[in-house]
Amino acid sequence: MRWIICEQELVLQNEMNELLYIVEQANARDMKIVLNPSPMNEKIWKLPLKYIDYFMLNEIEAKVEAVDTTAAGDTFTGFFIGGIQRGLRVKEAMELASRASAIVVTREGAAPSIPTCAEVEEILKKEGK
């Protein structure tokens, strides 16, 4: 399944069926909508984009020695949304998510490569963030 409901957030990916219907229903329920438009295609432009609260776009990659990029995007999305739910500002949530996904790509595997929040926060603390 490619969607997750956490309190009032709905996380969607472009690869889903009935995306327009889901977005409209989530908006009608006053949910925050997070959309990963990957793979980006013409289907995205047919959505009511005014209902989307957060777009999760990959534009800038971290400067680390990557060994496996399998879980990078999902980790970024999860840490970003988790940060928002914890009350972090968008910039702080993005820093948390960026660091987490940078850690993931330096490890082998998908789920086993995902760091704990405590591990990421310790690294940010050492960096003075």
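Return a yes/no flag: does segment 35-45 have any residue that is surrounded by 19 or more Cβ atoms within 10 Å (Cβ to Cβ), modelled with pLDDT of 90 or more and polar (S, T, N, Q).
Checked segment 35-45: no residue is surrounded by 19 or more Cβ atoms within 10 Å (Cβ to Cβ), modelled with pLDDT of 90 or more and polar (S, T, N, Q).
Within segment 87-95, can one find any residue that is touching a strand residue (DSSP E or B) at 6+ places or on another chain (Cβ under 9 Å) and in a helix (DSSP H, G or I)?
We begin by selecting, within segment 87-95, every residue touching a strand residue (DSSP E or B) at 6+ places or on another chain (Cβ under 9 Å); these are 90.
Going one step further and asking which of them are in a helix (DSSP H, G or I), we end up with 90.
The answer is yes, given that some residue of segment 87-95 is touching a strand residue (DSSP E or B) at 6+ places or on another chain (Cβ under 9 Å) and in a helix (DSSP H, G or I).
Of everything in segment 111-129, what is under 22 Å from residue 36 (Cβ atoms), surrounded by fewer than 17 Cβ atoms within 10 Å (Cβ to Cβ) and in contact with a helix residue (DSSP H, G or I) (Cβ under 8 Å, 6 or more places away or on another chain)? Give them in sequence order.
117
Restrict the check to segment 33-56 and report whether at least one residue is of a type in the set (Asp, Glu), under 14 Å from residue 11 (Cα atoms) and touching a Phe, Trp or Tyr at 6+ places or on another chain (Cβ under 9 Å).
No, segment 33-56 contains no residue that is of a type in the set (Asp, Glu), under 14 Å from residue 11 (Cα atoms) and touching a Phe, Trp or Tyr at 6+ places or on another chain (Cβ under 9 Å).
Within segment 66-106, how many residues are surrounded by 22 or more Cβ atoms within 10 Å (Cβ to Cβ) and among the hydroxyl-bearing types (Ser, Thr, Tyr)?
The total comes to 2.
So residue 14 passes all but one of these: (1) in contact with a Pro (Cβ under 9 Å, 6 or more places away or on another chain); (2) at pLDDT 85 or above. Which condition number does it fail?
Of (1) in contact with a Pro (Cβ under 9 Å, 6 or more places away or on another chain); (2) at pLDDT 85 or above, only one is false for residue 14: (2).
Considering (1) over 12 Å from residue 11 (Cβ atoms); (2) charged (D, E, K, R); (3) at pLDDT below 90; (4) under 13 Å from the mean Cα position of the chain (by Cα), say which one residue 74 fails and leave the rest.
Result: residue 74 passes all but (1).
The values are calculated or read from the model by the stated rules, or taken from the named source; none is laboratory data. Small disclaimer: the values here were computed from a predicted structure and weren't measured. Virtual Cβ from ideal backbone geometry, glycine too; neighbours counted across all protein chains shown.
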